[in-house]
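The values are calculated or read from the model by the stated rules, or taken from the named source; none is laboratory data. What you are looking at is a predicted structure, and each value in this text was computed from that prediction instead of being measured. FYI the Cβ positions are ideal-geometry reconstructions off the backbone, even for glycines, and counts take in every protein chain you see.
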Amino acid sequence: MIKLIHPGSEYFVQCIAKEPNIQDFLSRLKEHSKETYEHSYRVASLCADIGRDLDFSAYDRICAGYSGLLHDIGKLQILRDILEKSSLTKEELSSIRKHSRFGFLMIRKLGYHDVMNVIVAHHEYKIDPYPRNGDDRRNDFRNAEERRDKSDRIVKLAQVLAAADIYDGLSYQRSYKPPFPRQMIEEFLKQEYVGDKKYADLVLERHYSDE
C-alpha cells in the first residue's frame, strides 16, 4: 500500500525511495544503469512539482512520485549493452520498447495498482506511442493479463509522467545524445508530446524559471 507523506516536504522523492520495496528496485536499477537511475529521480521530482503546481490531491502527488521513480524499472530486463548503445537496430529498439510492459508486470507484484497503470501508459502520449497505439487490442493475450485501468486520473498522471520523461530526456546527456539547447527542447517537446498541452507548458515554464 502506498504511504502518504507530507506533500510539501523538500525530501519528498527521497522519502518515497526509502520504502524497502522501492529501495530494492532502485538499488538494482542503479547497478544496472546509473544513467536510467538518475533520470528516474529527476523525472519523479518533476512529476511531484507539477502535481503541487496543479494542486493534485496528496494521494495523486504520491502516485506521481512513485510513477516517476519506477517508470523505467522495466529496463532491468533489458540488456545493459543495449541501453548504453548510441544507435540501435530495429530489433534492439523493439526490445527497449518492452520496458513499460515489463515495468507494469514487476510493479503489479507489489500491489501498486495506480502506479503500474501509469507506468505502462507513459509512452502512449508520444507521437510514436507504445505499447498501445490507439488500436483496439482487447483480444491481445498480453493485454488480457494486464487488466489495465484507463480512468481519467490515470490518464492525467500518465500524461504528466510522459511530459516529464520527454523533457528530462532532452535536457540531460544520455548515452545516445548530448543535452539539447533551450530552443531544441521546446521544439522537440511540442513535437513529441501529444498529451494535454498544459503539462508540457508547465515543464517548460519550470525549465525557463531555472535559467
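For this structure, a couple of remarks:
- Subset of region 100-135 [closer than 23 Å to residue 48 by Cα and free of Cβ contacts under 8 Å to residues at least 24 places away in the same chain]: 108, 116
- Residue count for region 42-73, restricted to those that are crowded, with 18+ Cβ neighbours inside 10 Å and among the aromatic types (Phe, Trp, Tyr): 2
- Helices (runs of 4 or more DSSP H) wholly inside region 138-211 containing at least 2 residues that are at pLDDT below 80 and out of contact with any strand residue (DSSP E or B) (no Cβ under 7 Å at 6 or more places or on another chain): 141-146, 197-209
- Residue match in region 23-31 (condition: within 17 Å of the chain's Cα centre (by Cα), modelled with pLDDT under 95 and crowded, with 21+ Cβ neighbours inside 10 Å): no
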